[in-house]
Amino acid sequence: MALRLPAIMKTTAARLSALYLLLFALCAVLLVFYMTSLSARMLLAQSQETINEEVQGLGRAYQRGGIPVLVRVVEQRSRQPGANLYLLADPNGRILSGNVQSIQPGVLQREGWTALPFSYERYGEASGRRSQGAAEQGEAEAATEVGHNAIAVVLRLPNQMILMVGRDLGEPERFRDVIQRSLMLALGMMGFGGLLIWYFVGRRALKHIDGVSEASRRIMGGDLSGRLPVTGAGDEFDRLSENLNAMLARIAHLNDGLKQVSDNIAHDLKTPLTRLRNRAEAALSGKKTGADYREALEGTIAESDQLIRTFNAILMISRLEAGYSAETVAKVDLAAVVRDVVELYEPVAEELGVGLEATIDGDFVVSGNRELIAQALSNIVDNAIKYSAGAVEKPHVDVTLRREGDEIRVQVADNGEGIPDEGDRKRATERFVRLEKSRSQPGSGLGLSLAKAVMKFHNGRLDLLPGNPGLSVLMGFPGPKDE
């Protein structure tokens, strides 16, 4: 896929990078001007300090021997390599001594520091470079055309002679130019590198976004198994893709559950509805007495109640699996729930000849909904009593509440036939699943499904384990964090 610059500029990352690059360029230009002006001021101050020291030395020479000594010192210093500028002129500005051959007009007429840099020529520099026309215009004009720049201080001696001490600006100017060029080169390289980084980062971001867009189009087309790409870089794009993938997995799971519910309703509820219709049809056929009609209506009401309970269970399971429940969540005393459920089913167990006992190793409190937990435990105890009755000589059901590690466990174990096959144990918690041996027992196949949904709602687990003999159903609750 060809990635062009206009496409990259449409990404937020590229726009932010462009703004940062613009801000960097502005700061870089300001830095160049600041560093250049700062270096120029430092060099100018250094030159002025050097000139002041030279003036003090010449002043001491003048005090020692007057004009003759001053002229001798000026001549001596002006001949040294890399000497400063020295000029001694008469009151009319005619150069008498020093290493300056010509100077810009007007410089010697003002006493003190020169306001601006001026042009000058040293001895021997004008020969061979000055044209015939420039020679006819005079030394001063030629100096302004081909001379160097300098700063100086001009002093009037007591006899009105003029002393000028200055310093050439060639070296400071070259130093300033070097600094300016170095800064411009460094900042130019940094800017070019920033442009490259901006381009490649924007290109990478655009490729990632294109991948996300392509995957989104497939998902919107109906392929809920598709997932957004994750590069493994751990950046914000990967974190967003991982969260969206988790959301898509959740949506796919809910859609599968909805499809399963629809299929189950179409298949498993067809039989009770058919029985209901047949019962009503049988009541209308032939000559029936009032007692027959009453019996038919009572059977119809009982069948309808069973259908209503089935639908309520389906709705409750779907709502819990979706992670939403209008039920209140509070602190629940599991020991009290276990005692109440066991006490509720003791008459039923006694009538069927099943021993029902509860073993509670302490008072345990979890965060959840008491009614939902009691409903799940009731379904499990009811199944244990129902499927162990008549299976062995002395059937019994044990309900145990204990804590193991960070988990609080409620375990319901019976000594019936159980579910030996591991695959059957996994299928037993699905909706409307009834194993072959349980077909003769009343029920809809939603009890364990509801218990599993309740445990998932409470961030717990529901496991079906072989009891050797019988079946052991484990409800595992996460323990309180403050314990």
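The values are calculated or read from the model by the stated rules, or taken from the named source; none is laboratory data. The shown structure was predicted, so the numbers you read here are calculated from the model rather than taken from an experiment. Positions of Cβ are generated from backbone atoms using ideal geometry, with glycine treated the same way; all protein chains shown enter the neighbour counts. Please note that ligands, DNA and RNA were not included when accessible areas were found on the heavy atoms of the full protein model with its side chains. Shrake-Rupley method; radii C 1.70, N 1.55, O 1.52, S 1.80 Å.
Scanning the stretch 33-50 for residues that are over 19 Å from residue 113 (Cβ atoms) and either surrounded by 13 or more Cβ atoms within 10 Å (Cβ to Cβ) or of a type in the set (S, T, N, Q) (or both) yields 35, 36, 37, 39.
Restricting attention to the stretch 309-327 and to residues that are of a type in the set (S, T, N, Q) and modelled with pLDDT under 70, the residue that is least open to solvent (accessible area, probe 1.4 Å) turns out to be 325. Checking each residue in the stretch 280-303 for being surrounded by 13 or more Cβ atoms within 10 Å (Cβ to Cβ) and among the polar types (S, T, N, Q) picks out only 300. Considering the stretch 336-358, the residues that are hydrophobic (A, V, I, L, M, F, W, C) and under 26 Å from residue 406 (Cβ atoms) include one that is surrounded by the fewest Cβ atoms within 10 Å (Cβ to Cβ), namely 336. Just one of the numbered conditions (1) modelled with pLDDT under 85; (2) outside any helix (DSSP H, G or I); (3) farther than 22 Å from residue 374 by Cβ is not true of residue 426: (2).
Residues in the stretch 156-166 that are farther than 16 Å from residue 115 by Cβ and part of a strand (DSSP E or B): 156, 162, 163, 165. Of the strands (runs of 3 or more DSSP E) entirely within the stretch 51-110, those holding at least 3 residues that are under 16 Å from residue 155 (Cβ atoms) and open to solvent by less than 10 Å² (accessible area, probe 1.4 Å) occupy 85-89.
Could you please let me know if residue 233 is farther than 30 Å from residue 314 by Cβ and at pLDDT below 75?
yes
Mind listing whichever residues of the stretch 207-223 are in contact (Cβ under 8 Å) with a residue 24 or more places away in the chain and open to solvent by 60 Å² or more (accessible area, probe 1.4 Å)? Passing the criteria: 207, 209.
Which residues, counting only those in the stretch 362-404, are in contact with a Lys or Arg (Cβ under 8 Å, 6 or more places away or on another chain) and either of a type in the set (Val, Ile, Thr) or within 18 Å of residue 455 (Cα to Cα) (or both)? 364, 365, 366, 367, 400, 401, 402, 403, listed by residue number.
Can we say residue 255 is surrounded by fewer than 13 Cβ atoms within 10 Å (Cβ to Cβ), under 38 Å from the mean Cα position of the chain (by Cα) and modelled with pLDDT under 80? When the stated conditions are applied, residue 255 passes them.
Being at pLDDT below 80, of a type in the set (S, T, N, Q) and under 21 Å from residue 149 (Cα atoms) narrows it down to one residue among 97, 39, 47; which is it?
Residue meeting the stated conditions: 39.
If you go through the stretch 406-430 and keep only what is touching a residue at least 12 places away in the same chain (Cβ under 8 Å), small (Gly, Ala, Ser) and out of contact with any Leu (no Cβ under 6 Å at 6 or more places or on another chain), you end up with 413, 416. The residues of the stretch 359-407 that are surrounded by fewer than 22 Cβ atoms within 10 Å (Cβ to Cβ), in a loop (DSSP other than H, G, I, E, B) and touching a Ser or Thr at 6+ places or on another chain (Cβ under 7 Å) amount to a single one, 369. As for the stretch 446-459, it holds no residue that is farther than 17 Å from residue 376 by Cβ, modelled with pLDDT under 80 and of a type outside the set (A, V, I, L, M).
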